[in-house]
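Comments concern the structure below.
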Amino acid sequence: MDDFLLRALLGGIGVAMVAGPLGAFVVWRRMAYFGAAMAHSALLGVALGLLLELDLNVAVIAVCGALAVLVAALERYKGLATDTVLGIVAHVSLAVALVALAFMETARVDLFAYLFGDILAVTRLDLVWIYGGGLTALAAVVAMWRPLLAATVHEELAEVEGAPVAGVRLAFMLLLALVIAVGLKVVGLLLITSLLIIPAAAARRVARTPEQMAVIASAIGCLAVAGGLYGSLRWDSPAGPSIVVAAAVLFTAVTLATLAFTRRG
Amino acid sequence: MANQATEPERPHGLLVEVAGIDLKLGGNLVLAGVALTASEGEIVTLIGPNGSGKSTLVRVVLGLLEPDRGSVYMRPGTRVGYMPQRVVVDEMLPLTVGRFLALGVPAAGARPRAVLAEVGAAGLAGRPIQRLSGGEMQRVLLARALLREPDLLVLDEPVQGVDVTGQGELFELITRIRDRRGLGVLMVSHDLHLVMASTDTVVCLNHHVCCTGRPEAVSRHPEYLALFGPLAERGLAVYTHQHDHRHAVGGEAAPLAAPPPRQDAAEDTAEDAAETEGRSHG
Ligand SMILES: Nc1ncnc2c1ncn2[C@@H]1O[C@H](COP(=O)(O)OP(=O)(O)O)[C@@H](O)[C@H]1O
Ligand SMILES: [Mg+2]
């Protein structure tokens, strides 16, 4: 196997593994829109990183993290419609980033790579970021699994029972920022939400417990990465979108299989 | 305990005491000067129309909401079992009743099954939480509250979504649990007569405390009667009802030309229920 292909596969699998459990929580907490909005604002991180000559991963994590803190703060004032504010902030930061990038030395910026990912260009350093960030996120999710799950089922009940509800909510959003930042390279900011949601939705069909759903989502995500990369090589299609198409094919297959199974059973 | 030494005025067995609570939500004064106590072995029922601030007061007692003014005391070390008004678990979350119960208490072991049996929901442990009937869900929520070995049970509309027979059974169950465990109960209901037999103290709330006391006393209190109208007298021995209007086909009140034919009492009550609804929101 070629080196770049191995790196692409490793990078994609690294992202898909964390995207499984985090995507499950995104689905359970109905935060798909939040994830998409955060991904959109990631481009502002890219623009700022280029402008200030920072590491792009750090810049993206910083911008997405700031959005998480902002939303967590806004949610304390119950009167405000979070999704409206989120929509404004996310799309304005995307627009500002696009304007800023247009004024910069365009030769350095491959916009398409940030929007749809550039998995075949994953470097060793990217792998360090993906696995460093990914393992950190996985460890954190495992560590706060119980309170996070309890708060997901019913926040006030969990709070009365002593779970650190506000803390795990903020921590979860920050982890999401981290995963979006490292996933940017693989499928890009327009498609990263689908890598969170589609495997989790497919896993729901077969999982009996929350933990099963998280693990199966990771596995389906990894299969989607492998399948997408294969398709991309075979038919010379763009890799990031091919991974999402592969995820959708898996989702459909699992759905049809469970439907057929329950029909017969 | 040091705390008891510094606050000797609180009676023994007192679990909760809130006083002078003011709370604004979205610009409206939802609670005004509200006071409430609950003690060990006592069942206190909050009653009041929809939107009268019952759940809000419960949240203040639980420390989920900070009042703008007033004091909230809970005996140090009190363990609370809480049953929220509404728990809907997303279909996308594969969760059995057993797992749902275990979320409230770490390392619950075999106790969830025992507590499920105690609330008359034995055998539900393996059922997906989304596949429960209204009554089953309320019992499971009660079981989760009990799993914490609480000193105080806080139940927000515990018989919600349950048919009338089931409502009576649930209130009996709550009374039996109180008798057996000797814990305090603070619960919310919107119907006094259903809880009459199972409550020691009633607090009638409509943003302020209208009246408070033993259920029989509250049911005759002028403020209670003004709040709930003639509907409140349902089931009481003395029932006189004077119509000064009749109801037109569309339901709106029409002037009374001749004395209407006397209708049976049940129908009167139904009409009055509609009238009370409109009045109590004003
Ligand atoms: N977060 C909130 N923001 C603004 N108003 C609220 C909020 N929560 C409750 N209210 C209002 O406070 C009033 C009391 O609500 P609630 O305590 O739920 O009533 P109840 O439980 O007696 O039916 C209602 O008018 C409701 O609309
Ligand atoms: Mg309520």
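Structural remarks
- Rg/Rh for the stretch A:120-265, where both radii come from Cα atoms and Rh is the Kirkwood radius: 1.03
- Against the criterion of solvent-accessible heavy-atom surface with a 1.4 angstrom probe, A:I216, A:I180 sort, most first, into A:I216, A:I180.
- Full extension of the chain segment joining A:L125 with A:F103 gains 5.1 nm, where the gain is 0.36 nm per residue of separation less the Cα-Cα distance.
- Rounded to the nearest 10 Å², the accessible area of A:C64 at probe 1.4 Å: 0
- Which of A:D236, B:D191, A:D55, A:D2 is most accessible, then next, and so on - probe 1.4 Å: A:D236, A:D2, A:D55, B:D191
- Only one residue of A:A181, A:F112, A:A163 has its Cα farthest out toward the positive end of the dipole of the stretch A:3-190, where Lys and Arg carry +1 and Asp and Glu -1 on Cβ, and that residue is A:A163.
- Antiparallel DSSP beta bridges within the protein assembly as shown, percent to nearest 5: 55
- Long-range amide H partners of B:M187 with built H, under 5 Å: B:V44, B:T45, B:L46, B:L155
- Charged side chains reduced to their Cβ positions (Lys and Arg at +1, Asp and Glu at -1) give the stretch A:119-265 a dipole of some 540 debye around its Cα centre.
- The interface between chain B and chain A buries about 2200 Å² of solvent-accessible area in total (1.4 Å probe, ligands and nucleic acids excluded).
- Amide N proximity, the stretch A:200-224 versus B:R131 label position 7 Å along Cα-to-Cβ, cut-off under 13 Å: A:208-209
- Rolling a 1.4 angstrom probe over the protein heavy atoms with all chains in place gives the stretch B:84-149 an accessible area of 39 Å² per residue.
- The HN-Hα couplings worked out from phi for the stretch A:42-55 by the Karplus form 6.51 cos²θ - 1.76 cosθ + 1.60 (θ = phi - 60°) are 4, 5, 5, x, 4, 4, 5, x, 5, 5, 8, 6, 9, 5 Hz, whole numbers, x standing for Gly and Pro.
- Longest segment of chain A lacking trypsin sites (Lys or Arg not before Pro) that sit in a DSSP loop with at most 14 other Cβ atoms within 10 Å: A:79-207
- Rolling a 1.4 angstrom probe over the protein heavy atoms with all chains in place gives the stretch A:188-265 an accessible area of 49 Å² per residue.
- With the simple model of a label 7 Å out from the Cα in the direction of the Cβ, A:T136 to B:R10 spans 4.4 nm.
- In the complete set of protein chains, residue-level accessible area for A:S237 is approximately 40 Å², probe 1.4 angstrom.
- Karplus-derived 3J(HN,Hα) values for the stretch A:135-141, using 6.51 cos²θ - 1.76 cosθ + 1.60 with θ = phi - 60°, are 5, 4, 4, 4, 4, 5, 5 Hz; glycine and proline are entered as x.
- Over all pairs of different C-alpha atoms, chain A has a mean inverse distance whose reciprocal, the Kirkwood radius, equals 18.8 Å.
- Listed residues B:R180, B:R59, B:R113 arranged by accessible area, highest first, probe 1.4 Å: B:R113, B:R180, B:R59
- Pairwise Cα inverse-distance average, inverted: Kirkwood Rh of the stretch B:84-149 (Å): 11.7
- Top of A:V63, A:V15, A:V96 by mean-square fluctuation, Gaussian network on chain A, Cα under 10 Å: A:V96
- Database remark: amide H of B:L31 closer than 5 angstrom to the amide H of B:L23 (H placed geometrically; neighbours at sequence offset of 5 or more, or on other chains; Pro and chain starts carry no H).
- Residues with amide H under 5 Å from that of B:L205, placed H, sequence gap 5 or more: B:I47, B:G48, B:C210
- Partner shielding of B:84-97 amounts to 5, given as the average count of beta-carbon atoms from other chains within 10 Å of each residue beta-carbon.
- Whole-angstrom Cα spans of the stretch B:92-212 along principal axes, big to small: 44, 27, 26
- Only the Cβ atoms of Lys and Arg (+1) and of Asp and Glu (-1) were treated as charged; on that basis the dipole of the stretch A:1-78 about its Cα centre amounts to roughly 560 debye.
The values are calculated or read from the model by the stated rules, or taken from the named source; none is laboratory data. As the structure is a computational prediction, the values presented were derived from the model and not from experiment. Backbone-built Cβ (ideal geometry, glycine too); neighbour counts: all protein chains shown. With ligands, DNA and RNA removed, areas are computed over all heavy atoms of the protein, side chains included. Shrake-Rupley method; radii C 1.70, N 1.55, O 1.52, S 1.80 Å.
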